[in-house]
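Notes for the one structure printed next.
Please treat every number below as a calculation from the coordinates, not as lab data. What you see is a predicted model, and the numbers here were worked out from it, not measured in a lab. Glycine also receives a Cβ, built like all others from the backbone with ideal geometry; neighbour counts cover every protein chain displayed.
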Amino acid sequence: MAYMATSTADIAAMPRGGPRASCLDRLLQTDRLEYLDRDDVDQRVKRSVVRALEWTGDMFGNHEKFAAISLDLLAEVPDPRILELGAGHGSVSRRLLANHPTAHVTVTDVDPAAVAAMADGELGDHPRAVVRAMDATDIDADDGSFDLALFALSFHHLSPAQAAAVFAEGTRVARTLLIIDLPRPPAPLHLLRLATMLPLAPLVPFVHDGVISSLRCYSPSALRALAAHAGVALELRGGLTTPQIAIARRA
Ligand SMILES: C[S@@+](CC[C@H](N)C(=O)[O-])C[C@H]1O[C@@H](n2cnc3c(N)ncnc32)[C@H](O)[C@@H]1O
């Protein structure tokens, strides 16, 4: 299927399930923000979500997997320069540094509190790490500054227009942009996933954000439309029961 570059207005209005999403799929999305993205939410609530993310990533080996996928893409680069966007807790960057002896990592997030917490920890003192604030939609770095930019479990936080900007910006500053995010299941399965989470959403902030994440994640066809709009080439891997992996490069 060919994905034509779409107008900015079409992209802004595109459903999370992609331009040809079914009626049911179009109902399974929201503009509501996660606690993590809200300015009116207590920092303690946000930190509890970040700690839960870090814990589940450790438990299920996601941080290690994300670092391994990143380093596989850099197998031919002797001393890779890596940018992590939306790093949150910094666990993936810590593994990148531990698993590659000469990698240099710029560890970033748009949230100043997350950046301060990462700078206060091990990453702040690491000789091959720089921790700083950065917006993935408007990256403060020169063209070609990095071999790889990684954006893990964060893409769904963005509106379609912002998501297209990440494709453009990530591939401007890095030779390869690696996006890893939740898969968007077919609508009937998606309903089941939501039904298992909804009862706990009012009680547990991590589950509240999980439900919203699920409603906001992009389908493979949405990713293709966003990449086409940004004018970048895209390879997709995984999905459904595993995280969705999108590898973007300047066309
Ligand atoms: C669910 S957390 C993911 C944390 C970590 N990457 C992981 O794999 O567990 C999403 C992160 O994306 C960050 N974020 C949201 N919008 C962003 C943007 N425009 N630029 C950079 N980071 C952003 C949030 O502040 C948050 O730390």
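Looking at (1) more than 12 Å from the ligand (Cβ to nearest atom); (2) touching a residue at least 60 places away in the same chain (Cβ under 8 Å); (3) within 23 Å of P220 (Cα to Cα), find the lone condition where E34 falls short.
All conditions are met except number (1).
Could you check region 169-195 and list, in sequence order, the residues that are surrounded by fewer than 20 Cβ atoms within 10 Å (Cβ to Cβ) and closer than 15 Å to A141 by Cα?
R172, R175
Among the residues of region 132-163, count how many are farther than 15 Å from E84 by Cβ and crowded, with 23+ Cβ neighbours inside 10 Å.
Final tally of qualifying residues: 1.
Restricted to region 124-155, and to residues that are touching a Leu at 6+ places or on another chain (Cβ under 8 Å) and without any contact (Cβ under 8 Å) to a residue 40 or more places away in the chain, which residue is farthest from the ligand (Cβ to nearest atom)?
R128
Filtering region 66-88 down to residues that are part of a loop (DSSP other than H, G, I, E, B) and under 22 Å from L53 (Cα atoms), which residue is farthest from the chain's Cα centre (by Cα)?
Here is the first cut: in region 66-88, the ones part of a loop (DSSP other than H, G, I, E, B) are 74-80, 86-88.
Okay, now just the ones that are also under 22 Å from L53 (Cα atoms), so 86-88.
On the way: G86: 7, A87: 9, G88: 10 Å.
If we take residues in region 66-88 being part of a loop (DSSP other than H, G, I, E, B) and under 22 Å from L53 (Cα atoms), then G88 is farthest from the chain's Cα centre (by Cα).
Please state which of the following conditions S91 fails to meet, knowing it meets all the rest: (1) touching a residue at least 12 places away in the same chain (Cβ under 8 Å); (2) more than 15 Å from L53 (Cα to Cα).
Looking at each condition in turn, S91 falls short on (2).
With (1) buried (at least 20 other Cβ atoms within 10 Å of the Cβ); (2) more than 12 Å from the ligand (Cβ to nearest atom); (3) over 15 Å from F151 (Cα atoms) as the list, and I82 as the residue in question, which single condition is left unmet?
Going through the list (1) buried (at least 20 other Cβ atoms within 10 Å of the Cβ); (2) more than 12 Å from the ligand (Cβ to nearest atom); (3) over 15 Å from F151 (Cα atoms), I82 breaks only (3).
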